[in-house]
Amino acid sequence: MRRTALLILAILIVAAFFAWRQFNPGPLAFAGGSTVALADYKDANPTGVPASLANADVVKRGEYLVRAADCLACHTAPGGQAYAGGLAIPLPFGTLYSTNITPDKDAGIGNYSDQDFLNAVQRGVRKDGTRLYPAMPYPSYTYMTDADALAIKAYLFSLPPAHIANRPDTLTFPYNQRWAMGPWSFFFNADTRFAPNTSQTPQWNRGAYLAEALAHCGECHTPRNLAFALDNRKKFAGAVTAGWRAYNITPDKGSGIGAWSDDEVFAYLAQGHAVGRGTAAGPMGEAVDASFSHMAPEDVHALVTFLRSVPPIASPDLPATLAPPAPASPKDGVASNALGKKIFAEACVSCHNWTGVSALTPFATIAGTRGVNDPTATNVAQIVISGTRRHEPDGVVSMPAFGSILSDTEIAAVVNYVTARFGSAKSAVTENDVADLRKQTSR
Amino acid sequence: MHRSENSASLPSRRAVLKSSLAAGFTLAFYLPVRAANEPEQTPDTTAGQFAPNAFIRIDHTGKTTLVMPQVEMGQGVYTAIPMILAEELDADFSKVELKNAPPNEKLYANPMLGVQATGNSNSVRAFWKPLRQAGAATRAMLMQAAAQQWQVDPASCTAANSVVTHAASGRSIGYGDLVDAAAALPVPQDPPLKNPKDFTLIGKPLKRLDTPKKSNGSAIYGIDAMLPGMKFATLAACPVFGGKVAKVDDTAAKAVPGVHQIVVLDDVVAVVGDHMWAAKKGLDALKITWDEGPNAKISSADIWADLRAASKKDGVVAKSVGDLAKGLAQGERFDAEYELPFLAHATMEPMNCTVHVTPDSCEVWIGTQTISRVQQYAAKAAGLPLEKVTVHQHLLGGGFGRRLEWDMAESAVRIGKQVDGPVKVVWTREEDVQHDIYRPVYRNVISATLSDGKIAAWKYRVSGSSVMARWLPAGGYKNGIDIDAVDSAVDMPYDIPNKQIEYVRAEPPAVPTGFWRGVGPNNNVFAVESFMDELARKAGKDPIDFRRGMLDGNPRLKAALDLVAEKSGWGQPLPARVGRGVCVQPSFASFIATVVEAEVDEHGEVHLRRVTSAVDTGIAVNPDIIVAQLQGGLIFGLTAALWGEITIENGRVQQSNFNDYRMLRIDEVPTIDIHVMKSSEDPGGIGETGATAGPPALRNAIYAATGIALRRLPIDRKALALANKA
Amino acid sequence: MTTLNINGESKTFDAPDDMPLLWVLRDVLGMTGTKFGCGIAQCGACTVHIDGNPVRSCLLPVGSIGNKAVTTIEGVGATPVGAKVQKAWLDLEVIQCGYCQSGQIMSAAALLASTPQPEDADIDLAMAGNICRCGTYVRIREAIKRAAGEV
Ligand code: FES
Ligand code: FES
């Protein structure tokens, strides 16, 4: 047993080594040009907080940065106390639980020195020396400046300590061998701080810092290689994370967001919704509510500029053309799939209409969105299962979760009906696919 | 009225409730006292009217107003009760006007419940005699008044359509012209009742009196109460049962336009605004910290573990026949356990109550099944004497037992005390589902032996909460037995020489339990009829033949079974994975046999194909309403059987709205044929009958289609998938 | 101030743009025929017509209606189809508690306006969004066919 396990481990490491040997570029390598150390950068400092907060105290600055880094999303359990951890992150080989990062001395990180904190955030090493799994995005956070990381620490330490013990992970051997993350980090964590690119504009550099060191967009939107490291040759080309599909956000016209206007991208980030483009849900919905919607407009603009600069990559499985609204009458359009049509008539049509253009609110318009134009239908299935609850400037926008009353069969049917009726390439989701998706979402 | 003499001999004027377990839920008969000499007992003014009893008012224009002692929640009593009164009164039915009874236990207590309440499917059963007597007595007085005026023998007069006629002299006079003379006469002691064959209204499918207004939006339900200067509120109780408010941050809520006030009670927080929208947004914006209290860890798993343990102990014997030990010793023995989940009511009209509380008065606008209790508890909450509390009854957007409770009125009054002027408190659907008073979880343990194709012995133990112990301790809960919990078990219809029925009272922690559309009968008929099918299979008999063989003692039920067998096409061949299931029951004094035909597809999805019922419910006062009630009741029961289950996690209800508490919809409902049998017996109950009949019949259809013997509800679709078939 | 054309009359009132039409009708205008059942477009009790199309008013921001024609249960009887539906509902005694029926009638009227001779499948698709807790579905189906016969 142990032997085979070690063997697997060895293979993993070799594989990782190969991946590394094949040269995995850094997240910003695509931009070319020349970079300088932050200290030698002449233009406006791309790190830290926006001008409006320049003179704020360290805790205030930390609050802005902790949001920009969206630590809340993972370090808070549903309905639990903020930053007290406990979110279940299901993996094929067991479940990880996010940890308590409130300043509680026993349960939290109250005993962490500044250096301990930097080691955890930038290098994935805990105070006790044990290694963190890359579920904690330290390969991205590693680009954060010490000053920003410590401002975040200052903010966290200003919070009330939560005396809530961390839940032990349930990873199976060999995956429970945390030490193995040491070699992994050696290959895949650059352990270096952000270096501005002198051939790019200051706005681009700000966007790059926000996207890489804080918002860690790539952790969801960039595919991973077989050693679970981000494959930056496919930067932002899209991947499936926590059971949701993080779409291609490269400037590719067909399958990326190249066809979106800057305003649309800005609106989507700042409000989680761009008219005709759809409404953020799942992990992206959380990111908007907890992170992007709190960013200064100039920072969101910087992100847009940065996103526009990455190389366009086409996702072969995503149709390049988005289907127009469906016919107004249920009689027209998709004929097959009676069960899917039945569920749609019962639970969906009241908000989404037979056309896919909601008569109630643009937030509920699904015609023309990527989700229904995705033959994997991952996100359509997920939102049917888990619904979404978003906090918009003027109130809550939500879709109810149907996962507990619809069977896997019914969900598969309605999902396939939706992509067939509103998409340009219909899906063939099965009961088993739905069962798998139910397992993958973080809880 | 004459019955008052009898009642005067009773220890108290409060209805006395006797229960005969053998007959299940049947209670001593008692008639509310009409006291013409005690007008102060009738808050509704009878001035200038002929008011010979609690139910009938006739004025000089002949306008006849009937006071409804039972409330309309869809079951049609606002048609059936007037039909019964008008029948014996010979009133012009097209002209009668209806009025809700005010809270008054003495005048309007339900003779079968002893409280002024509408439930247990007994409106017609309970009021059948008193209303006929009230009508007949009134009619006799009017005829005598006419006869005196004409100097003729009353017997030579006839009455019809509110007119007394003396054929011989060709004279006739309207009721309106007789009211003064009639009022002066004594109330006759024993007015002759009509021979049913002379009925002109009863037995006819007359049009409902309540539906025209319901078809154009003008009907007023509790939630529609509108008052000048009224404010609107919605509330949140602690999501954990029994939890309290720890701290409330209302800065954001106060900033919501239209929000006036945040009312913080120890267990509930309410937001008061210009309209529901402001109140709702305000509530969303509130940051409430709850003190979740001791129940924060309770989960369905624990509740079931407790109930299963409790159901293993001996219970209180509710009924014993023959020699159980001897019976269990002979023939082959079989055992089974059946389990039913918590259920919410989800009345289409969410809980609501409008109140106007001042230092010395409290007015309440509500649709309730128990107006007198609402008055009592509103008075308590307001800290006022009963007579300072006025309750206005409205139509109910569904009752199903949920509105036999008064919690929505209590909290509204507590909130209203802090609000200046009238306030309408409306619960969101989420609050309605998560703070319901639930149909209890039940577990039934059965052992039976078969000898030559018949049941030789039957040991049946029902374990679960006692709703009666809380709701009607006097008479409803005696010597450790809840007469509702064992209803339809102690009086199960089959001839079984040796049997014993036991009850174990097992209260779930924290979760409040109450009535539903049938409670004891829902549970017992499901368990009995499910096990009957399993035993029939053991005996190698057709489920209907097996039942027939033991129904000699119950001819009405046997006849219904024979009719449903014929009408449902029982025995005709069916495709694979399609089955028919049968259920018979004597519950609510209605004898009904039901056959459900259903298909189970390869994914385990259940599709209803056809439902057929034959019912002997005694004299069918309005057969069309009976058909509608049975169709609706069957759908209500089938909905629960397919999907209904409230689950608890961390002390909270996990369901919240129709997206996670599923309802049967029109596209899932098949043809439902109801055959109402001719009968001259007194009327039976019908409101809960279908809800009780549907689940076992469907369960047995699935058993027939798949061979899988489901032992719990709701139906486990996964277990029915071909892939999972053992 | 917002002005809406409701049942052919223009009504002016003061309400925030994001307020759902349902609460404007019920709480501001006192038109209580339109019912609240779920608030999440899952039951149909709040159904009204916007330019003749059935819409769930519990999620329809009043600010988005503009000058479109709003028809409610109080006004649908003035349309020939609405009148036929109401009559069929009473002829067949569809209604029990009645709370869902405003919505059922509005959905049925919209169906018959667009599909005068609906088949069972059409009825299923048009009415599946309307829950009736009293279980009047069998008669709803019959009544729609009855009304279709007379429309
Ligand atoms: S209240 Fe609008 S659909 Fe239920
Ligand atoms: S008639 Fe009661 S909910 Fe439909």
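Just a few scattered comments:
- Kirkwood hydrodynamic radius of the stretch C:107-149, Cα pairs, Å: 10.3
- Relative to the longest principal axis of the Cα atoms of chain A, the long axis of helix A:431-440 makes an angle of roughly 30 degrees.
- The angle separating the long axis of helix A:297-309 from the principal Cα axis of greatest extent in chain A is about 80 degrees.
- Counting all C-alpha pairs of the protein assembly as shown, share separated by more than 63 Å (%): 18
- Separation of the stretch B:246-274 and the stretch C:50-84, taken as the distance between their Cα centroids, equals 33 angstrom.
- Considering all different alpha carbon pairs of the stretch B:616-726, the Kirkwood hydrodynamic radius works out to 16.1 Å.
- Residues with amide H under 5 Å from that of B:His392, placed H, sequence gap 5 or more: B:Val364, B:Trp365, B:Ile366
- Applying both filters, DSSP loop and at most 13 other Cβ atoms within 10 Å, to the trypsin sites (Lys or Arg not before Pro) of the stretch B:472-533 eliminates every site.
- Helical mean residue ellipticity (222 nm; -39500 (n - 2.57) per DSSP H run of 4+; nearest 500) of chain B: -8500 deg cm²/dmol
- Under the span-like rule (Cα at least 24 Å along the axis, Kyte-Doolittle mean at least -1.0), DSSP H helices of chain B: B:123-150, B:520-538, B:623-643, B:689-706
- Two numbers describe the Cα atoms of the stretch B:136-290: Rg and Dmax, which are 29.8, 83 Å.
- In plain terms, the chain from B:Gln189 to B:Phe334 could stretch by 46.5 nm, reckoned as 0.36 nm per residue minus the Cα-Cα distance.
- Charge tally around C:Ser107: other residues with Cβ under 14 Å, Lys/Arg +1 each, Asp/Glu -1 each, net 0.
- Here the stretch A:75-150 and the stretch A:426-442 have alpha carbon centers that stand 30 Å from each other.
- Average beta-carbon neighbours from other chains, 10 Å sphere, peptide B:218-228: 3
- Cα lying deepest toward the dipole's positive end in the stretch B:381-463, options B:Tyr442, B:Val389, B:Thr428, charges on Cβ: B:Tyr442
- The coefficient of translational diffusion for chain A, derived via Stokes-Einstein from the alpha carbon Kirkwood radius under 10 °C and 1.306 mPa s, stands at 69 µm²/s.
- Highest-first arrangement of A:49-60, C:45-56, where packing means the average Cβ count within 10 Å: C:45-56, A:49-60
- P(r) weight above 21 Å for the stretch A:99-237, C-alpha pairs, percent: 48
- Only protein atoms count toward the accessible area here, which uses a 1.4 Å probe; on chain A, the carbon and sulfur part of that area reaches 60 percent.
- Modelled FRET efficiency - R0 56 Å, A:Ala259 with B:Gln572, Cβ distances, 0.05 increments: 0.40
- Assigned charges on the beta-carbon of Lys, Arg, Asp, Glu; the protein assembly as shown dipole about Cα centre (debye): 1800
- Test item: B:633-641 mean partner chain Cβ contacts at 10 Å: 2
- Solvent-accessible area buried by pairing C with B, both sides, nearest 100 square angstrom, 1.4 angstrom probe: 4500
- Net charge of neighbours whose Cβ lies under 13 Å from the Cβ of B:Pro509, counting Lys and Arg as +1 and Asp and Glu as -1: -2
- Using bins of 10 Å that start at zero, the share of Cα-Cα pairs per bin across the stretch C:1-123 amounts to 14, 47, 31, 8, 0, in whole %.
- Kirkwood hydrodynamic radius of the stretch B:440-564, from the reciprocal of the average inverse Cα-Cα distance over all distinct pairs: 15.5 Å.
- Counting only protein heavy atoms and a 1.4 Å probe, chain B has 33 square angstrom of accessible area per residue.
- Inter-part distance where the stretch A:287-307 and the stretch B:633-693 are each reduced to a Cα centre, Å: 51
- Equivalent-ellipsoid semi-axes of chain B, from the Cα gyration tensor, Å, largest first: 42, 37, 23
- Each Lys and Arg Cβ is given +1 and each Asp and Glu Cβ -1; about its Cα centre, the stretch A:176-334 then shows a dipole of about 400 debye.
- Taking label positions 7 Å along the Cα-Cβ direction at both A:Ser52 and A:Asn176, the computed distance is 4.8 nm, reported to one decimal.
- Heavy atoms of the protein chains alone define the surface here; on that basis the stretch A:90-138 has 40 Å² accessible area per residue at 1.4 Å probe size.
- Other residues whose C-beta falls under 14 angstrom from the C-beta of B:Val264 contribute a net charge of +1, scoring Lys and Arg +1 and Asp and Glu -1.
- Prolate/oblate/rounded call for the stretch A:310-443, Cα gyration tensor, a/c under 1.5 rounded: rounded
- Helix-only mean residue ellipticity at 222 nm for chain A, each DSSP H run of n ≥ 4 adding -39500 (n - 2.57), per residue, nearest 500: -9500 deg cm²/dmol
- Cβ crowding within 10 Å averaged over residues, with B:485-493, B:358-366 ranked highest first: B:485-493, B:358-366
- The charge dipole of the stretch C:49-131, taken about the Cα centre with unit charges on the Cβ atoms of Lys, Arg (+1) and Asp, Glu (-1), comes to about 340 debye, rounded to the nearest 20.
- As a rough guide to protection, the peptides B:173-180, B:381-388, A:385-392 ranked by mean Cβ packing within 10 Å, highest first, stand as B:173-180, A:385-392, B:381-388.
- Relative to the longest principal axis of the Cα atoms of chain A, the long axis of helix A:2-21 lies at roughly 90 degrees.
- Annotation for the B:A interface, with buried accessible surface near 1200 Å², both sides summed [1.4 Å probe; non-protein components not counted].
- Rg/Rh for the stretch B:149-189 (Cα atoms only, Rh after Kirkwood) is 0.95.
- Just the protein heavy atoms count here, and of the accessible area of the stretch C:63-151 at 1.4 Å, carbon and sulfur take up 54 percent.
- Counting, for every residue in A:346-359, the Cβ atoms of other protein chains within 10 Å of its Cβ and taking the mean gives 5.
- GNM result for chain A, Cα springs below 10 Å: residue of A:Ala401, A:Ala37, A:Ala425 fluctuating most strongly: A:Ala37
- Principal axis dimensions, the stretch B:252-311 - Cα atoms, whole angstrom, descending: 53, 20, 15
- The ellipsoid that matches the Cα gyration tensor of the stretch B:606-667 has semi-axes, each √(5λ) in whole angstrom, of 31, 14, 10, with the longest given first.
The values are calculated or read from the model by the stated rules, or taken from the named source; none is laboratory data. Nothing here was measured: the structure is a model prediction, and the numbers come from that model. Using ideal geometry, Cβ is built from the backbone for each residue, glycine included, and neighbour counts are taken over all protein chains shown. These accessible areas exclude ligands, DNA and RNA; they are computed on the full protein's heavy atoms, side chains included. Shrake-Rupley method; radii C 1.70, N 1.55, O 1.52, S 1.80 Å.
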